[in-house]
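The values are calculated or read from the model by the stated rules, or taken from the named source; none is laboratory data. What you see is a predicted model, and the numbers here were worked out from it, not measured in a lab. Glycine also receives a Cβ, built like all others from the backbone with ideal geometry; neighbour counts cover every protein chain displayed. These accessible areas exclude ligands, DNA and RNA; they are computed on the full protein's heavy atoms, side chains included. Shrake-Rupley method; radii C 1.70, N 1.55, O 1.52, S 1.80 Å.
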Amino acid sequence: MRLKLDWIARDVANQLWFTVGLYCLLGVTAALSALFLDRLIPDAVSSRVGADAVDRILGIIAASMLAVATFSISTMVQAFASAATGATPRAAQLVVEDRTAQRALATFIGAFVFSLVGLIALSTGAYGSSGRLILFAATVVVVVLIVVMLLRWIHRLSRLGRLGETIDQVERAVNKAIDDRRQNPCLGGRRAPLLEPPGTPVVSRKIGYVRRIDIGGLSRIAERGQFDICVTALPGTFATLDRRLAVMVACHDDEIAREVANCFQIGDQRSYEQDPRFGLIVLSEVASRALSPAVNDPGTAIDVIGTMVRVLSNWTDGADCPRDEIKYPRIFVPAVAARDLLDDAVAPIARDGAGLVEVGMRLQKAMQALANIGNAEMTEAATAHAELALARARQALSFAPDIQRLSSALTRDT
């Protein structure tokens with residue numbers, strides 16, 4: 001239950017409205033705090049330090065921040081649309097969750113609310129001389145925050161929503177998921193057997209994608225009942241009402257089966273968090289869009305191939321390293337196979353770029369780089385995809401020298 005609340009809290013915290021609302025609340029609190037803190041300022045100090053100009057400063061902040069916030073909102077909307085159309089709608093969510101953009105917009109709106117509340121309180125005469133001094137000090141702090149955030153926002157605007165920056169954001173999200181999976185290859189459990197063990201199946205109670213799995217919750221259920229649980233639906237699996245999420249070995253309790261099903265978070269969209277394959281799919285979608293006849297941008301596809309080599313190299317770096325101790329010995333989870341990763345990452349690009357020799361050459365070099373890393377599983381998968389890419393190119397290309405170049409590249413690779 002605690003982990004589910006943590007998931008909900010993180011999802012809410014990533015929403016733009018939450019950050020803006022939090023900063024607005026801070027602005028209201030800062031403006032009204034002068035009503036309660038004025039007793040802490042001696043009258044002698046407040047009489048020496050004048051704060052008569054605070055109302056004019058607040059008026060300037062209110063007018064300017066409303067314009068800046070409006071401009072920022074329109075800019076962010078354009079960035080979201082640019083990421084969705086230029087890259088893929090699946091990558092737009094990362095732009096929406098950009099922390100610098102969220103904090104910039106929240107700071108501007110929060111400053112506007114702060115100045116508005118301060119002006120209202122000043123017009124009612126609620127502040128005494130000490131209260132005006134405290135409000136003046138708070139206004140100076142807000143002005144400094146606005147200046148700092150404006151500088152950061154101007155720097156961020158040069159990249160926000162651009163295709164290259166969107167690809168980098170997806171790469172960072174994939175690498176984070178890969179690092180987490182490398183530390184816990186089976187999410188902290190044991191590696192599941194190739195054949196599904198006999199037992200009571202646990203089916204999904206919703207239709208959607210498996211976003212997260214509460215492995216700790218599954219372990220507590222298994223330890224309580226002294227039985228094993230074999231997970232059959234990894235994060236990213238599309239679950240239907242008849243799709244098996246897990247199998248309970250030597251347990252036939254329907255109530256426990258419902259508890260096990262509740263440990264699987266089902267949603268309308270996939271999540272990057274426990275699903276490294278999703279990030280690779282998003283990268284391949286960016287490349288496929290770039291290779292479409294309407295866009296015709298093979299350079300972006302080549303850039304994505306390079307990104308995938310970095311990501312998959314990161315995956316392979318720890319493939320042969322000793323693992324930490326198993327945290328949940330009664331939970332069995334399938335490991336992500338290198339062939340599945342390349343199926344998601346390479347196959348769409350090989351299909352859509354089969355008629356472009358420059359894309360084919362870059363793809364062959366990428367497969368050679370992955371095959372030479374030294375991991376047997378990745379070598380086998382990369383070699384197989386290099387041969388498939390060549391077979392697709394032979395059917396799509398009609399110029400014999402181009403086919404010969406790709407064939408020579410594959411020969412050098414092998």
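Numbers below:
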quantity	calculated
Unmet criterion (only one of (1) touching a residue at least 40 places away in the same chain (Cβ under 8 Å); (2) open to solvent by 10 Å² or more (accessible area, probe 1.4 Å); (3) not basic (Lys, Arg)) for PHE227	(2)
Residues satisfying the stated conditions in segment 149-175, i.e. of a type in the set (S, T, N, Q) and either modelled with pLDDT of 90 or more or in a helix (DSSP H, G or I) (or both)	THR166, GLN169, ASN175
SER408 vs. criteria open to solvent by 70 Å² or more (accessible area, probe 1.4 Å) and free of Cβ contacts under 8 Å to residues at least 40 places away in the same chain	no
Residue match in segment 23-38 (condition: open to solvent by less than 50 Å² (accessible area, probe 1.4 Å), within 22 Å of the chain's Cα centre (by Cα) and at pLDDT below 75)	no
Residue list for segment 95-148, filter: of a type in the set (S, T, N, Q), at pLDDT 85 or above and surrounded by fewer than 21 Cβ atoms within 10 Å (Cβ to Cβ)	THR100
Residue in segment 252-274 that is open to solvent by 10 Å² or more (accessible area, probe 1.4 Å), in contact with a helix residue (DSSP H, G or I) (Cβ under 7 Å, 6 or more places away or on another chain), free of Cβ contacts under 8 Å to residues at least 24 places away in the same chain and farther than 26 Å from ASP179 by Cα present	no
Count of segment 357-402 residues which are open to solvent by 50 Å² or more (accessible area, probe 1.4 Å) and under 17 Å from SER292 (Cα atoms)	3
Filter result for ILE207 (at pLDDT 90 or above, touching a helix residue (DSSP H, G or I) at 6+ places or on another chain (Cβ under 9 Å) and β-branched (Val, Ile, Thr))	no
Segment 149-159 - residue that is surrounded by fewer than 16 Cβ atoms within 10 Å (Cβ to Cβ) and touching a residue at least 40 places away in the same chain (Cβ under 8 Å) and, of those, nearest to ALA67 (Cα to Cα)	LEU150
